[in-house]
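Asker: Structure below; questions to follow.
The values are calculated or read from the model by the stated rules, or taken from the named source; none is laboratory data. Bear in mind the structure is a predicted one, so any value in this text is a computation, not a measurement. Neighbour counts are summed over all protein chains in view; Cβ atoms, including those assigned to glycine, are modelled from backbone coordinates with ideal geometry.
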Amino acid sequence: MSIHIEAKQGDIADIVLLPGDPLRAKQIAENFLEDVKCYNQVRNMLGFTGTWNGMKVSVQGTGMGMPSISIYTEELVRDYGVKTLIRVGTCGGLQPDLGLYNLVLASAASTDSSMHKRRFRGMDYAPWADFGLLSAAYEAASKKNLPSRVGGVISTDTFYQHDPDEWKLWAENGILAVEMETSALYAIALRNKAKALALLTVSDSLVTGELTSSEEREKGMLAMVEVALEAAKKVHG
């Protein structure tokens, strides 16, 4: 057991999908996995393990923001030896050619957080995805004819910005989308020699103002989860 995860050794797979919402973790487990067991209910941050096409897979909710995902990612790799972490979440599109439900594969993650600056003595650090997972996910998405883009995202600490135009600075410099967790996930994975990838479904556009409902976002997650599972299967064999 760790501080925030009550699983016993062996309860958690080497491959873990990481949705932010614990109820989304439950939904993924129920829709995609067989022989499902719940291994964590601490703080209602649900975690499940089952099998998908014979491959053992876990799904762990992480909460919102870099501090929260850092807690769960750190404990998963440090205390349970997890080797592959795939974030499956949503994002806000920053480019005009990114439509709702398009898939963003985050190759690297910038951030406005001070988390990395504290660790790297004031210097900038740009953590990146595992290329094997990234290429496998892109191939899987292409086979499904899912509109997808590979590129950088921005992990922000603030959901509600005081400056409504701040996102334009990132957009002008090629950032595809904004979300709140990937930069921390990648940094922890790299430090612990684990593989990590963030797959993000565009749930709203800061360019057009389009917005999906909570119910629509849940439905849009299903194709992304299939891509994540297929990528993990290809990398792990």
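Asker: Would you mind listing the strands (runs of 3 or more DSSP E) fully within the stretch 12-56 where at least 1 residues are crowded, with 21+ Cβ neighbours inside 10 Å and free of Cβ contacts under 8 Å to residues at least 24 places away in the same chain?
Answerer: Strands (runs of 3 or more DSSP E) meeting the threshold: 47-52.
Asker: Still on this model: What single numbered condition from (1) closer than 30 Å to HIS162 by Cβ; (2) hydroxyl-bearing (Ser, Thr, Tyr); (3) free of Cβ contacts under 8 Å to residues at least 40 places away in the same chain fails to hold for TYR72?
Answerer: (3)
Asker: Looking only at the stretch 129-152, how many residues end up being of a type in the set (Ser, Thr, Tyr) and in contact with a helix residue (DSSP H, G or I) (Cβ under 6 Å, 6 or more places away or on another chain)?
Answerer: Going through the stretch 129-152 one residue at a time, the tally reaches 1.
Asker: Quick test of your reading of the structure: PHE131 fulfils all but one of (1) touching a residue at least 12 places away in the same chain (Cβ under 8 Å); (2) on the phi < 0 side of the Ramachandran plot. Name the failing condition by number.
Answerer: With respect to (1) touching a residue at least 12 places away in the same chain (Cβ under 8 Å); (2) on the phi < 0 side of the Ramachandran plot, PHE131 is out only on (1).
Asker: Right, next: Please enumerate the residues belonging to the stretch 28-57 that are over 20 Å from LYS233 (Cβ atoms) and out of contact with any strand residue (DSSP E or B) (no Cβ under 9 Å at 6 or more places or on another chain).
Answerer: VAL42, ARG43, ASN44
Asker: Can you give me the ranges of the strands (runs of 3 or more DSSP E) entirely in the stretch 122-217 with at least 2 residues that are among the aliphatic types (A, V, I, L, M), closer than 18 Å to VAL16 by Cβ and within 13 Å of the chain's Cα centre (by Cα)?
Answerer: Those strands (runs of 3 or more DSSP E) span 195-205.
Asker: Next question. Please go through the stretch 91-128 and give me each residue that is touching a helix residue (DSSP H, G or I) at 6+ places or on another chain (Cβ under 8 Å), among the small types (Gly, Ala, Ser) and touching a residue at least 60 places away in the same chain (Cβ under 8 Å), ordered by number.
Answerer: Selection gives GLY92, ALA106, ALA108, ALA109, SER110, SER113.
Asker: I'd like the residue in the stretch 145-163 that is among the aliphatic types (A, V, I, L, M) and within 19 Å of PHE131 (Cα to Cα) and, out of all such residues, is surrounded by the most Cβ atoms within 10 Å (Cβ to Cβ).
Answerer: VAL153
Asker: Restricting to the stretch 204-235, give me the number of residues that are at pLDDT 95 or above, crowded, with 16+ Cβ neighbours inside 10 Å and hydroxyl-bearing (Ser, Thr, Tyr).
Answerer: Matching residues across the stretch 204-235 total 1.
Asker: Identify, please: which residue in the stretch 58-108 is hydroxyl-bearing (Ser, Thr, Tyr) and assigned to a loop (DSSP other than H, G, I, E, B) and is, among those, surrounded by the fewest Cβ atoms within 10 Å (Cβ to Cβ)? Give the steps one after another, and end with the answer.
Answerer: First, the residues of the stretch 58-108 that are hydroxyl-bearing (Ser, Thr, Tyr): 58, 62, 68, 70, 72-73, 80, 84, 90, 101, 107.
Restricting the remaining residues to those that are assigned to a loop (DSSP other than H, G, I, E, B) gives 62, 80, 101.
On the way: THR62: 27, TYR80: 22, TYR101: 19.
Here the answer is TYR101.
Asker: Have a look at GLU172, GLU181 and point out the one that is charged (D, E, K, R), more than 28 Å from VAL82 (Cβ to Cβ) and modelled with pLDDT of 95 or more.
Answerer: The conditions single out GLU172.
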